[in-house]
Amino acid sequence: MAADLDRAGRFADADEIVISAGGSAWFDAVAEVFAEIPALSLPVLKLLRSGAYVSHDDGHYLRVSPFNRVPDEGTLRPAFRLWAQVVSRPSGEQAFLNAGKRDAAYDLDLPQAQVVRSARDGSVRPATGVTVTGLSDQHTWLRTGPEAELEVGDWVGMGLSHPCTSFDKWQLIPLVEADGTVTEYIRTFF
């Protein structure tokens with residue numbers, strides 16, 4: 001299309017031609033198509049809009065990433081983990097966290113409970129037996145098995161799906177070291 005528009009003189013008043021395409025799930029295929037764009041009469045800016053390469057996730061894009069289709073290319077690591085505290089444990093099968101739809105990306109998948117940080121001793125363990133079953137406005141609903149050993153005050157680290165919907169909820173995102181120390185903040189403009 002750009003070549004046709006260029007031949008028709010539609011870029012006569014421009015300094016460059018911008019060709020933009022999405023591609024979080026298929027950025028490898030988009031890059032291949034960009035490579036096939038013929039020489040045009042002006043410089044061409046090839047703009048690949050694939051946000052998942054910057055903020056990979058634990059859900060949707062993990063499943064559809066080119067790195068799963070082409071494993072020799074390597075892997076991407078998720079950029080976000082949402083930590084929320086257990087605020088209620090009404091039964092051995094249920095718990096509630098203090099984060100909800102206002103905090104977590106949820107348009108494609110619910111958050112995934114990954115790890116638990118004990119309020120007693122700070123130890124971190126896998127979130128075995130902990131499953132996110134729903135989100136309210138400000139709470140996460142959990143189903144827990146007997147192996148969960150989850151108590152009020154514990155922290156649950158959750159992986160998120162579809163990371164760009166985290167940017168509209170978190171305009172100031174803390175950058176954290178592995179030990180949980182916040183080292184700086186990243187300002188988002190979504």
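Checking E93 against (1) at positive phi; (2) modelled with pLDDT of 90 or more; (3) not hydroxyl-bearing (S, T, Y), which single condition isn't satisfied?
(1)
When you scan the stretch 1-24, how many residues do you find that are in contact with a strand residue (DSSP E or B) (Cβ under 6 Å, 6 or more places away or on another chain) and not in a loop (DSSP other than H, G, I, E, B)?
Summing the residues that are in contact with a strand residue (DSSP E or B) (Cβ under 6 Å, 6 or more places away or on another chain) and not in a loop (DSSP other than H, G, I, E, B) in the stretch 1-24 gives 6.
Conditions: (1) within 19 Å of G180 (Cβ to Cβ); (2) without any contact (Cβ under 8 Å) to a residue 40 or more places away in the chain. D154 meets all but one. Number of the miss?
For D154, the failing item is (2).
Please pick out the residue among R63, R89, R81 that is surrounded by fewer than 19 Cβ atoms within 10 Å (Cβ to Cβ), within 9 Å of the chain's Cα centre (by Cα) and not aromatic (F, W, Y).
After ruling out the rest, the residue left standing is R81.
Tell me, please, whether a residue that is within 22 Å of the chain's Cα centre (by Cα) and assigned to a loop (DSSP other than H, G, I, E, B) can be found in the stretch 141-156.
no
Among the residues of the stretch 34-44, are any under 24 Å from P163 (Cβ atoms), surrounded by 11 or more Cβ atoms within 10 Å (Cβ to Cβ) and either out of contact with any Gly (no Cβ under 6 Å at 6 or more places or on another chain) or assigned by TED's automatic domain parsing to the domain that holds V156 (or both)?
yes
Can you give me the number of residues within the stretch 122-133 that are in contact with a helix residue (DSSP H, G or I) (Cβ under 9 Å, 6 or more places away or on another chain) and in a loop (DSSP other than H, G, I, E, B)?
Residues that pass the stated criteria total 3.
Could you tell me which of the residues D137, D154, D121 is under 16 Å from N98 (Cβ atoms) and exposed (fewer than 13 other Cβ atoms within 10 Å of the Cβ)?
Answer to the selection: D137.
Find the residue count for the stretch 157-187, including only residues that are of a type outside the set (G, A, S) and either part of a helix (DSSP H, G or I) or surrounded by 15 or more Cβ atoms within 10 Å (Cβ to Cβ) (or both).
So the answer is 10.
Output the residue which, of all residues in the stretch 29-80 that are at pLDDT below 80 and polar (S, T, N, Q), is farthest from A3 (Cα to Cα).
Ranking the candidates gives T75 first.
The values are calculated or read from the model by the stated rules, or taken from the named source; none is laboratory data. Values in this document were obtained by computation on a predicted structure and should not be read as measured data. FYI the Cβ positions are ideal-geometry reconstructions off the backbone, even for glycines, and counts take in every protein chain you see.
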